[in-house]
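**Student:** The structure's right below; bear with me while I get my questions together.
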Amino acid sequence: MVIVQFGKHIKRVRSDNGGEFTSNHMLQFYNEHGILLETTCPHTPQQNGVVERKHIHFLETAHETRFEANLPNRFWGECILTAAYIINRLPSKVIKNKTPYEIVWNQKPQYDHMQVLGCLAYYRNTDTKGEKFENKGKPGVFLGYPQGTKGYKIYDIESRKIIISREVLFHESTLPFKNEKLGQDDGDEEPVKLHNDVCCEEHTISKTFKTISMNELTHEAHVLDDHVDSIGHENDEHNNEDVQWGELNHDTTNVQDDTIELTQKGSRGDESEGESLRKSIRTESQPQKFKDYEKRWKHSMQQEIRALEKNDTWTLTDLPNGQRAIESKWVYKIKYKQNGEVERYKSRLVAKGFTQMEGVDYHDTFAPVAKLVTMRTLLSVAAKKNHQLDVNNAFLHGDLDEEVYMKVPQGFSKEGETRVCRLHKSLHGLKQASRNWYQKFTKFLLSINFRQSKEDHSLFLQNQEGVYTIILIYVDDVIIAGNDLDHIKQTKIQLDKAFSIKDLGQLRYFLGIEVEKTLDSLVLSQRKYILDILKDSGMLGCKPSAFPIEHNLKLDRWEEEARVDAGVYIRLFGRLLYLQATHPDVAYSVNVLSQFVGDPRTSHMQAVMRVLRYLKGTAGQDILLPHDGEPVLTAFSDFDWLGCPYTRRSRTARHIVNNPVYHERMKHVEIDCFFIREGVASREIKLMKIDSKMQVAHLLKKGLGTTQFHFLLGKLEKHNNNNYKTWETCLKSYLQGQDLWEVVGGSETTPPEEDVNGDLHKWKIKAGKAMFALKTTFQKEMLEHIRDENTPKEAWDTFVTLISKKNDTRLQLLENELLSISQRDLTIAQYFHKVKAIYREITKLDPQSVITEARMKRIIIHGLRRNIEASLLLYKDSPFNHHL
């Protein structure tokens, strides 16, 4: 083949001592053709390093493609063949950024026919037996490219055979095997192969194929001349440059509720592979390319074009000489409600900004966005009145300073049209789009007397005679808060006139954070986000852990330890990093895990799994922001630098703050130090030493045991069933918002006797969701009492009964402790802190409980040491008040 196809002669073969290379037949072949055979020493692969390295590279690429699609192990051969096919079409620096395919065949490879391995694929059903209404397409899984045939290899789900077909419709965002147990096989059965395998060609760079966009590569003649994009249409109109609106033969997806099935561990294995695949197919998918769009997206695409035209985003003109027009693409997104249901289908026209030239098509690009710490602070300060706005097509409001041209969007070009779009306003995808929008929005806010914060440039404040309004922006999402509802409404009207905003009313959902309001507090949670993480990582049915990281766990980079997939580790770490917004209890764990993103090993992944197990049991714990909390900022700091040469304790930080001496090597903290020092001098800030067991900062800095971890966790304003009254109000509000309260405490607490119109099935779905929401907020010991409850109402009633008894007992103990409290060997400050902690817990358990100021004075004075109590009685007025 080498001689016939390329006119080259093989002169030498270098291999190991494998029988396939050194058999008598091969030796005879070498002698007949004058080929020299060189073999390596036994167990010395380094003597053939180039080939061995290529083998490793080759297998790693195949493993990654299989892992990404979660294909069963029996398809390892198809993964290797597909890896070879892809690698041979990737550029390499070794051959001057050319591809091996180009070097061998002297022509550039084509990419527009390539698909995601393991994705859902419908191929034309040729075995319909003449039935007109028989399904024209059959579902399968894409397994690669056959040799010598212009088509695709498809694994038929029902017949479990590999079929070769050229008429295939792909859904690249749907991976049927994704929810299966990794590497799961059902027996030793091998799929029937109808064609020989593709030859293994030389390859170049690994992993690159995951990040290369087909739109970034040169489009020339189709490698599959007769490839079609839809089933049953050999000359599909979608292949034409001027695309006309058409309809696919059938809908490949059904909109269904994202229902969580509460099954026991291991029940997944009872399903057949075909049934499991069909279940995974019935999920909502988003088109990845314009030619994959379905009928449901047509209306949203037309809406997008109308909005652009209304905004005068462009004018059609001839392309000037010396100018070039960038291309655009359609991006599709399904918008979900807070409860996970589909809200709407959104299409967005995006310019291919990666083709812009810096200094010609754009200059500066940076635009600030809101920080999470700013958002939490804003909600804490203005917990009562928070509203949310969404700016319609925000990026389109920015004015372009540069001269930018764009080709007419796909699906809207007319036959024979040669003009292009001269952009006057920003468009999604342009390098400068976010900056232009931010500048225009900022300019408008400043014009209506808002001040921009110097600490966070996305925060704007307005104060008019005691009426304050605060605006926080994150791209096109806006939070507006204040102490006067009429002024908030007036600000909304001004913004609507300028930018056409969408008023979303009370703040409910912002940047993936759920916001629930009660009569006396605001609750921030990421419950849905946690469940999504658990579901995507296959940990939804895991056993919960009591704490996120083992006590004094020491992780290191052990060379002898096996590596894990870095991509999976980094994705999980990134999601946990964002989760700190409402779960500070995992902050230390995430900090530790961040040290190993460059080279994760097995022990590091196990630590990540423990954090996920902890989140499984604490998904219902949220951040509680009381409306009427004291406007006092309390911070905890742990001095663990070990600066004292005698006791090995730290005293540096306190010494710097309390003593105005010169510190030559502390210039990097000089500004903050002066600020704190002035605060201490003016008594606005007070530094207090507290016992290590009471140090809340340890939650963020150390791995703690179960007892100490939960003790300090209780010091945070976390929303869980320990503060029962607030928990009950918030959870009830959450269930009502998710339309689940009817099966818990409403009119649908019992299942319907007859399944009319699927009522029983609908009730079971709602009951399952409600039961799951309840169980994620219960403590581990409480779950034992509701294990036998069959309905959400029974679980709710049982919990209320148990927690009421538990709270009554705890309340009685606290009141007894308060009455018998004594200073003993505590300092005055420690004694006051202890009294205040007991008082706060009492009011948390029973908000109706009232302890008068006079009674608190008597309790405090009675518990003081006798010498202090006697000295206090010498004063006419007691210095104590109800603020302690």
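**Student:** So, how do all the Cα-to-Cα distances of segment 3-148 break down into 10 Å bins, in percent, from 0 on up?
**Tutor:** 9, 24, 30, 23, 9, 4, 1
**Student:** With a cap of 10 neighbouring Cβ atoms within 10 Å, and only residues DSSP puts in a loop, list the trypsin sites (Lys or Arg not before Pro) found in segment 521-600. Before the final figure, lay out the partial values.
**Tutor:** Details: sites: ARG527, LYS528, LYS535, LYS554, ARG557, ARG563, ARG571, ARG575; in loops: LYS554, ARG557.
Answer by residue number: LYS554.
**Student:** Amide H to amide H, which residues 5 or more places from PHE177 or on other chains are under 5 Å from it, using H placed in the peptide plane?
**Tutor:** Residues meeting the amide H criterion: none.
**Student:** Mind checking the log10 I(q)/I(0) for segment 526-619 at q = 0.22, 0.24 Å⁻¹? Debye, one equal scatterer per Cα, no solvent, two decimals.
**Tutor:** -1.15, -1.36
**Student:** Fewest first, what order do ILE10, ILE80 take by the number of other Cβ atoms within 10 Å? Intermediate results must be reported in sequence, preceding the final value.
**Tutor:** Numbers: ILE10 12, ILE80 21.
By the 10 Å Cβ count, ascending: ILE10, ILE80.
**Student:** Excluding GLU561 itself, calculate the net charge of residues whose Cβ lies under 11 Å from the Cβ of GLU561, where each Lys or Arg counts +1 and each Asp or Glu counts -1.
**Tutor:** Details: positive: ARG557, ARG563, ARG601; negative: ASP556, GLU559, GLU560, ASP599.
Net charge in that neighbourhood comes out at -1.
**Student:** Separate question: Counting only other residues whose beta carbon sits under 15 Å from that of LEU446, what net charge do I get with K and R as +1, D and E as -1?
**Tutor:** Details: positive: LYS440, LYS443, ARG451, LYS454; negative: none.
It works out to a net charge of +4.
**Student:** How big is the C-alpha Rg of segment 47-102 next to the rule-of-thumb value 2.2 N^0.38 Å, as a ratio? Write out the running numbers ahead of the final one.
**Tutor:** On the way: Rg = 12.6 Å, N = 56, 2.2 N^0.38 = 10.2 Å.
That ratio works out to 1.24.
**Student:** Same structure again: Quick check: Cα centre of segment 21-48 to Cα centre of segment 465-527, how many Å?
**Tutor:** Between the Cα centre of segment 21-48 and that of segment 465-527, the gap is 75 Å.
**Student:** Given the pairs LYS108/LYS153; LYS431/LYS528; LYS310/LYS497; LYS161/LYS329; LYS333/LYS425; LYS543/LYS769, which are separated by over 25 angstrom at their Cα positions? Please list the in-between numbers first.
**Tutor:** Values: LYS108/LYS153 23 Å; LYS431/LYS528 32 Å; LYS310/LYS497 15 Å; LYS161/LYS329 36 Å; LYS333/LYS425 23 Å; LYS543/LYS769 19 Å.
Table pairs above 25 Å Cα-Cα are LYS431/LYS528; LYS161/LYS329.
**Student:** Just to confirm a number: summing +1 for Lys and Arg and -1 for Asp and Glu over residues other than LEU349 whose beta-carbon lies under 10 angstrom from that of LEU349, what do you get?
**Tutor:** Numbers: positive: LYS329, ARG348; negative: GLU304.
Every neighbour counted, the sum reads +1.
**Student:** Please work out how much length the chain gains when fully extended from GLN464 to ALA498, using 0.36 nm per residue of separation minus the C-alpha to C-alpha distance, in nm with one decimal.
**Tutor:** Working: separation 34, 0.36 × 34 = 12.24 nm, distance 2.16 nm.
10.1 nm is the gain from fully extending GLN464 to ALA498.
**Student:** Next up: Taking H as built 1.01 Å from N, whose amide H comes closer than 5 Å to the amide H of ARG14, not counting residues under 5 places away?
**Tutor:** Under 5 Å from the amide H of ARG14: GLU38.
None of the figures in this text is laboratory data; all of them are computed from the coordinates on show. Just so it is clear, the structure is predicted and the values come from calculations on it, not from any experiment. Note: ideal-geometry Cβ built from the backbone for every residue, glycine included; neighbour counts use all protein chains shown.
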